[in-house]
Every structure is written in C-alpha cells, then in structure tokens.
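J.: Here it is, the structure in full.
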There are 2 protein chains.
Amino acid sequence: MTAIADIEAAAQRGKGIVRRTPLLSSPFLDEIAGRRVFLKAEVLQHTGSFKFRGGWSALSAMEPELRTRGVLAFSSGNHAQGVALAARMHGVPAVILMPGDAPALKIDNTRALGAEVVFYDRAGGESREEIGAALRDERGLTLVKPFDEPMVIAGQGTCGLEIAEQAAEAGVSAATVLTCCGGGGLTAGIATALADRAPGMVVRPVEPEGFDDVARSLASGEIVANTGPEVGLCDAIITRAPGHMTFPIMATHCGPGIVVTDAEAKSAMRHAANCLKLVVEPGGAVALAAALYHGAVLADGPVIATLSGGNVDAALYAQILAEA
Amino acid sequence: MTAIADIEAAAQRGKGIVRRTPLLSSPFLDEIAGRRVFLKAEVLQHTGSFKFRGGWSALSAMEPELRTRGVLAFSSGNHAQGVALAARMHGVPAVILMPGDAPALKIDNTRALGAEVVFYDRAGGESREEIGAALRDERGLTLVKPFDEPMVIAGQGTCGLEIAEQAAEAGVSAATVLTCCGGGGLTAGIATALADRAPGMVVRPVEPEGFDDVARSLASGEIVANTGPEVGLCDAIITRAPGHMTFPIMATHCGPGIVVTDAEAKSAMRHAANCLKLVVEPGGAVALAAALYHGAVLADGPVIATLSGGNVDAALYAQILAEA
C-alpha cells in the first residue's frame, strides 16, 4: 500500500519539475455554495491535468535500463499526455494505446508530446490488454498503469501534500476534500497524504451519474463494477471499477462517494470559466459540481475541490459555455 | 514619477492579499512562437485581472478618514472590479461609473462585489468626468483613476516584481516583456520594476489595431490620441491616449509598441484555452498574440507576455472558441 514516505519521495523526485498548482477561490463560488470553497487548480499542471504527477513519479522511479527501452500506457487522454511528457523529458520512447473515439485534443496533444499513439476499437470489443501485451513483449516496453500502480498513486499524492500546505496557509485545518474520481489514483494519493498531514480533512470521491463504481464499492465494502456503457461526457473519469490497490486505500480513508449529473458538471464548467478563468473538462468539474450543488450531504465548513483536468475539445467546450 | 520604492511599498501593503500569480508556459506555445514563451497569468488575480493590484494599492495607501467616505472610479469593467473588491475588503463604499455598453459580466461582477454602478451613455456623448465630479462633490468620494495615478501604477508594478523573481527562478534574465496596454498603468509599473530588478529585460507595449495611441506616442515622442471609435473587441485596453504620468515612464523604459489585429487576439485566446487552460479576454490576449504572430519584430530570446484579464462574456467567448 502506498505510504506517506512514498509520496514524500515522489515529491522529492518532482521538485522543480512538477508544478505546484495554486489553491484558488472566488467570492461568487462561496456565495453559490453557501460556504468557503477552495479549488486545487490541477488544470494548470503540465499537460493540463494532475496526471503528469503520476507519470513523472512512475518514470523517475524506474530502473534506468528498463526506462530506456520505453514505456507503454493505456489512456483516453490525460494519463497519455502525462506519461508522454514524462517520457520525453527522460528522452525515452512512449507508446500510448488510446480508444479511437478519445477527444481529438487529447490525441493531438499526446502525439505532439512525441508519443506514438496506437488506437484500439473500444466499441468493436478489441482488447487493449491483449494489444498492449503484444506491444510490450515485442518492444520490451514497461507498462505504466493509469491508477493501480504504487508509484503513480504516490505521484498523485503530491497533490495532497500541496493541499495540506496551502490550506494551512489559508488558515483551514478541517475541510471536506472533494476529488474527481475515476479509478481512484488521485483520490487514494490525496487521502493518504492528508491522513498524515491534515487529519482534520475528509476526502470524498465524486463521480458522474451512471459511472459511480467507487461510490457503490465504498457503500458495499467491496469492489463493484459499472455494467452500463463505457463512454460518457466525463471521459477522463469513466472507469469500470476502482483498482485493487486504490480501493483499500479509499475504503480506509474516504467518506462516502458523491454522484453528480452531467448537467451539474457542465454548470460547474461554466462557473469555473466565469469565476476562476479556468478551462475545466467535464470530468475535471465534477468535484466543483458537488461543492456547488450537493452541499446538503456535506459536513459543515469549508470545501476543497480538485479541478483535475482541462483537456476538452474546443467545439464541445464552446457548446457547453453557450448553453448558459 | 512612480519609483521602485513605491512599488516595494505597494507589495508590502498587498502581502497575503494580492495573489502572486503563476508564470506559466506550454511546449505547444513555444513551438508556435519558435522561442520560449512565458505567460504571467493575471487572469488568476482576484477579480480576474491585474487591476486588483492597483485598486488595492490605491485604497490601502489612502488616508483612512478619506477612504471611509468612499471611492469613485470610471471603468469599462476591470478597474471597476478591482476597486470594488478593494473597497469591500476595506469596508468602504464604492461608486463605479460604467458605460452602458460595458460587457455584462463586468457589470454583474462589479455589482456582486458590492459597488454601486452608475451608467453613462458613451455614444450619446455624456461626460463621465462631469457626472463623476458631481457624484464626488455630493458624497465626498475620492476618485481612483484607472492608470494616471501614482499609487495605481505602483500597485500594477508589483506584477513586475513577481515577473523578475519568477523569470530568475526559470533561469531567464534577458527577455522581451510584452504587456497588454491601454492607458499604460500596467506597462509603466512593470517597466519601472524591471528597470530596477531585471535590467536585461525590455518592455514592449501591445495594443489592438485602431487603438495604438501608445505605439504612436512612443514613436513620435509625445502623447498622441486615437481619433477613431471608442469601442472595439478589446474593450479593456481601449483608451484615448496614454496618461501624463504613464507616458514619460514608458518613453524612458519601453521599446517600440506592437500592434495586433482582433483576429490575432482571438486566435491567442483559443491557444490560451487549449494550451494553458486559461480563459483570457480579448484585451488580455494581445500580448500573447504578439508573442505568437509578431516574432519577426522581437529581439531573439525568450518572451514573457502578460495575460492581463479574463473577464469575457460567455456568449462572446463561446463564439470565439467555436471560430477555430
């Protein structure tokens, strides 16, 4: 299980490379939520999402001989970019397996960061695991999993170290911390960091309606999977089930999950643009949506929400802004 | 003339209140510009523009007895919000004279920050100076000018102190610093700060086509005014002429002005959204536009561009993003 020492070591490896993202606020958001709301602006991280933290952590912790042969990742786009940039900065090849229907911006940026993108047909039932295994064996690549990987969880946890420090600077020691949650890498990392550094904080994962595997797993005490469609508006955080490494961490440290609608996520995106001047993608806006629209199920006191990614296609973003 | 000591004093008064905004970059922007490009993200300042720096500086430097009676400002919206928030934080009234055709978001936010908004009819030829003088005399308000005011210039100069520090952290001591320029408050403040702290940097003001009073004033060595329309896409930086205080500072410290088209500003807005995840308003994007599209007139080496504001109406913003 990823420990605080692993997160501290990841922070050391990322010093001067991983950005310390700001903790922002707006009086207008406080007013809507009826409480103080702080936003951890991970959209400002390199590659536009927190995923660079985990990508850098994993690659910087690898044996150099292995790393030199290159890395492989499966991703709909944010982990892809995080691994691609970390590989480029290490001067090693990266191959990313992406679904053919991933957002265009994510595909373009992953390629622009120098990675080789290999598509698989999600709807047609192609197994990314099989394609990935073949590529890995052929080329001697090392797989960097998106969340169920100790060094990735440790990297995402560095976001939690920063939250603890920045909240303390703002005079906040007790708060509800809302995380945008897919497979649970960010949530588990932050929860591990805060359990050590800010024990007055309770982490609660937030998911989109229809993809609430983490909320249901936490409620039932065991890993349960989504059985519906595999695609949705919040592409970045749509996963089948929490990981075998992330789930026990979340079960130990987190409060109950929260589920928001796509309409709430879109509204949160509009508020982030208006009040914070930040471009946030649908999956990156669910925690803010929970802060703004689900206050009734939150403990009293301030909320800290991650804005976990901002990689949204311009056309979709324009459409969502215009819906206001 | 505003001196470095005034800027240092303004920085002291703003400590823990004015945000230290990040200096960001993106490999994709570097590639377009063909050089390293750093962005000073003033859209992340309180109220969504650098104007809070000057507003806070002015109000915090006022005699308390005067301040208690309240302040008055003329503004199309960003100075309005900066003064409104500074007044609210001091617990004193603010009256803002705004043109009736100012962007709706700017009007709404100024009101939401507790200021009383009084409109004047710009097209109908109403004199904001006369209306303002009457209000000032009636209520004993103190006018906080948008740029030609030493404490305002000193406040904007704190942005320059941060640029010098952050550039040094990034290993940059010589650079072209591009500023979004209206009346010259930000430009004069930054130029004063950098002349002291980073003498290897050259500040160059950037304006939109048709409103290039500063570029022409710098070229001719005396203040010249725009004679065309008073409204345009880049509302935040449309001014008739540089100020009597700001112009001599710019003439002393700045290189030649640069003029960009509205189309270039809009393209820069799209790139800021895609590559930096920042919402930038048209007038706040002209410096980035110069970095991306006017490299031929810039000295070799890195560029630092201010993203000076992000208060753009959602409908206009959506339209500009969709034009891509």
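The values are calculated or read from the model by the stated rules, or taken from the named source; none is laboratory data. All values derive from a computational prediction rather than experimental measurement. No Cβ is skipped: glycine too gets one built from the backbone with ideal geometry, and neighbour counts run over all protein chains shown.
J.: Would you say residue A:243 is within 11 Å of chain B (Cβ to nearest Cβ), at negative phi and within 15 Å of the chain's Cα centre (by Cα)?
T.: no
J.: Tell me, yes or no, whether region B:71-85 has at least one residue that is modelled with pLDDT under 95, surrounded by fewer than 24 Cβ atoms within 10 Å (Cβ to Cβ) and either under 22 Å from residue B:315 (Cα atoms) or not assigned by TED's automatic domain parsing to the domain that holds residue B:246 (or both).
T.: Yes, that holds for at least one residue.
J.: Go through region B:94-112 and give me each residue that's buried (at least 17 other Cβ atoms within 10 Å of the Cβ), more than 14 Å from every other protein chain (Cβ to nearest Cβ) and not β-branched (Val, Ile, Thr).
T.: B:94, B:97, B:98, B:99, B:102, listed by residue number.
J.: Now, a different point. Within region B:117-132, which residues are at pLDDT 80 or above and either exposed (fewer than 11 other Cβ atoms within 10 Å of the Cβ) or part of a loop (DSSP other than H, G, I, E, B) (or both)?
T.: The answer is B:121, B:127, B:130.
J.: Looking at region B:45-76 only, could you name the residues that are in contact (Cβ under 8 Å) with a residue 60 or more places away in the chain and farther than 16 Å from residue B:236 by Cα?
T.: Passing the criteria: B:56, B:57, B:58, B:59, B:61, B:62, B:66, B:67, B:69, B:70, B:71, B:72.
J.: Answer yes or no: is there a residue in region B:109-116 that is at pLDDT 95 or above, within 20 Å of residue B:73 (Cα to Cα), in contact with a strand residue (DSSP E or B) (Cβ under 6 Å, 6 or more places away or on another chain) and among the aliphatic types (A, V, I, L, M).
T.: Among the residues of region B:109-116, at least one is at pLDDT 95 or above, within 20 Å of residue B:73 (Cα to Cα), in contact with a strand residue (DSSP E or B) (Cβ under 6 Å, 6 or more places away or on another chain) and among the aliphatic types (A, V, I, L, M), which makes the answer yes.
J.: Could you tell me whether any residue of region A:275-293 is over 22 Å from residue A:109 (Cα atoms), touching an Asp or Glu at 6+ places or on another chain (Cβ under 8 Å), away from chain B (no Cβ under 14 Å) and surrounded by fewer than 24 Cβ atoms within 10 Å (Cβ to Cβ)?
T.: Yes, region A:275-293 has at least one match.
J.: Checking residue A:28 against (1) in contact (Cβ under 8 Å) with a residue 40 or more places away in the chain; (2) away from chain B (no Cβ under 14 Å); (3) not hydroxyl-bearing (Ser, Thr, Tyr), which single condition isn't satisfied?
T.: The failed condition is (2).
J.: Can we say residue A:176 is away from chain B (no Cβ under 14 Å), outside any strand (DSSP E or B) and either farther than 30 Å from residue B:308 by Cβ or at pLDDT below 95 (or both)?
T.: no
J.: Residues being more than 10 Å from chain B (Cβ to nearest Cβ) and either surrounded by fewer than 17 Cβ atoms within 10 Å (Cβ to Cβ) or farther than 19 Å from residue A:24 by Cβ (or both): count how many of those fall in region A:299-315.
T.: Number satisfying all stated conditions: 3.
J.: Now, a different point. Mind listing whichever residues of region A:29-51 are touching a Lys or Arg at 6+ places or on another chain (Cβ under 8 Å) and of a type outside the set (Val, Ile, Thr)?
T.: Listed by number, the residues that qualify are A:30, A:44, A:45, A:46, A:48.
J.: Condition check: surrounded by 20 or more Cβ atoms within 10 Å (Cβ to Cβ) and at pLDDT below 95. Does residue B:47 satisfy that?
T.: no
J.: Please tell me if residue B:210 is assigned by TED's automatic domain parsing to the domain that holds residue B:280, touching a residue at least 24 places away in the same chain (Cβ under 8 Å) and either farther than 19 Å from residue B:248 by Cα or assigned to a helix (DSSP H, G or I) (or both).
T.: No; evaluated as a whole, the condition is false for this residue.
J.: Here is a follow-up. Looking at A:298, A:316, which is the one that is more than 29 Å from residue A:172 (Cβ to Cβ), more than 16 Å from the chain's Cα centre (by Cα), assigned by TED's automatic domain parsing to the domain that holds residue A:38 and not acidic (Asp, Glu)?
T.: A:316
J.: Here is a further query. Find the helices (runs of 4 or more DSSP H) located wholly in region B:245-321 whose residues include 1 or more that are within 22 Å of residue A:279 (Cβ to Cβ), and list them.
T.: Ranges flagged: B:262-271, B:286-293.
J.: Quick test of your reading of the structure: residue B:324 fulfils all but one of (1) part of a loop (DSSP other than H, G, I, E, B); (2) modelled with pLDDT of 95 or more. Name the failing condition by number.
T.: (2)
J.: Continuing with this model, one more query. Take residues that are under 25 Å from residue A:196 (Cα atoms) and tell me which of the strands (runs of 3 or more DSSP E) falling wholly in region A:1-116 contain 2 or more.
T.: Fully inside region A:1-116 and qualifying: A:37-41.
J.: Then there is this: Check off (1) without any contact (Cβ under 8 Å) to a residue 12 or more places away in the chain; (2) over 21 Å from residue B:211 (Cα atoms); (3) more than 8 Å from chain A (Cβ to nearest Cβ); (4) hydrophobic (A, V, I, L, M, F, W, C) for residue B:318 and give me the number that stays unchecked.
T.: (3)
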